[in-house]
Amino acid sequence: MINRIKSNLKKIRCFHTINNLEVILKNATDNNESYQTFLDDLLIRECEMRSQRKINFHLKQSKLPYIKTFEEFDFTYQHSVTKRQISEWQTFAWLDNRENKILMGPPGVGKTHLAISMVYAAIQNGYTATFYSMNNLIDDLLIANYQKKLSLFVKKLLKKDMLVIDEMGFLPLKPEHASLFFQLINEFYEYRSVILTSNKLFNEWGSTFGDQVIATAILDRLLHHAEPIIMAGDSYRMKDKMA
Ligand SMILES: Nc1ncnc2c1ncn2[C@@H]1O[C@H](COP(=O)(O)OP(=O)(O)O)[C@@H](O)[C@H]1O
Ligand SMILES: [Mg+2]
């Protein structure tokens, strides 16, 4: 009978129960559990495992370079964002409304930390995301364009609820790169959320894109429904050295 139970559980993809069936049955017998408690416990565990597996899958798909969380963020060091603001972000209303977040400031102030934390928290709450450094994103856009697969590549990114573009502005872009980037941002506009981090303030974007017209067109779309967050202060990397 055990084999039949396992084979039926496999058909309905209850892998956690299959893997732990003997223990689950023994515990239920030992504890003299009612049918109701037995079924309730079994379903709770199976559902928990499934949502954990889904979260792990989405985390892997997001291509985060590493994990950082809001809990690890030291608000006594960085005053440009408040705990209250972070709680507001974690309602994800901005994500439901397809709004953007633009984090700007010098190196080391925690822009990437917050962007990664946002992805991590969003995935825990059932959303999906892709994380890209600007350089890698431009590389992949160029490759897709060269292979005549640009719209396919963009469509794949649009399937996720948000796209993080980290470190925009470190390297100036060639005009054809800026034009590809504009096409991407245009597709995301009012359809999906973008989190962008940059060491450049808005008035310096022209030099990054090598063209004021395209910079304005990109800014126009990114900023229409967006919260700009200007982060000031000293680099966290220098914290202990300066103490
Ligand atoms: N306020 C903060 N609290 C805790 N860790 C921080 C804070 N700001 C920065 N860090 C840490 O310092 C390092 C550099 O931060 P990072 O987010 O990469 O900076 P940025 O992207 O602005 O250059 C990371 O390890 C990050 O986790
Ligand atoms: Mg960074």
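None of the figures in this text is laboratory data; all of them are computed from the coordinates on show. Bear in mind that the values here come from a model prediction, so they are computed numbers and not experimental data. As a convention, Cβ positions derive from the backbone with ideal geometry for all residues, glycine included, and neighbour counts pool all protein chains shown.
Below are the figures for this structure:
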| quantity | calculated |
| --- | --- |
| The range 113-204: GluC sites (Glu not before Pro) falling in loop per DSSP and having at most 15 other Cβ within 10 Å | 190 |
| Rg/Rh for the range 2-61, where both radii come from Cα atoms and Rh is the Kirkwood radius | 1.04 |
| About the Cα centre, charge dipole magnitude for the chain (Lys/Arg +1, Asp/Glu -1 at Cβ), debye | 940 debye |
| Computed over the chain, Kirkwood Rh from alpha-carbon pairs, angstrom | 20.6 Å |
| Whole-Å distance, taken between Cα centres, linking the range 197-230 and the range 109-177 | 16 Å |
| Residue 236-residue 1 pseudo-label distance in nm [points 7 Å out on the Cα-to-Cβ vector] | 5.6 nm |
| In nm, spacing of pseudo-spin labels at residue 41 and residue 200 (7 Å Cα→C-beta vector) | 6.0 nm |
| Assigned charges on the beta-carbon of Lys, Arg, Asp, Glu; the range 2-61 dipole about Cα centre (debye) | 560 debye |
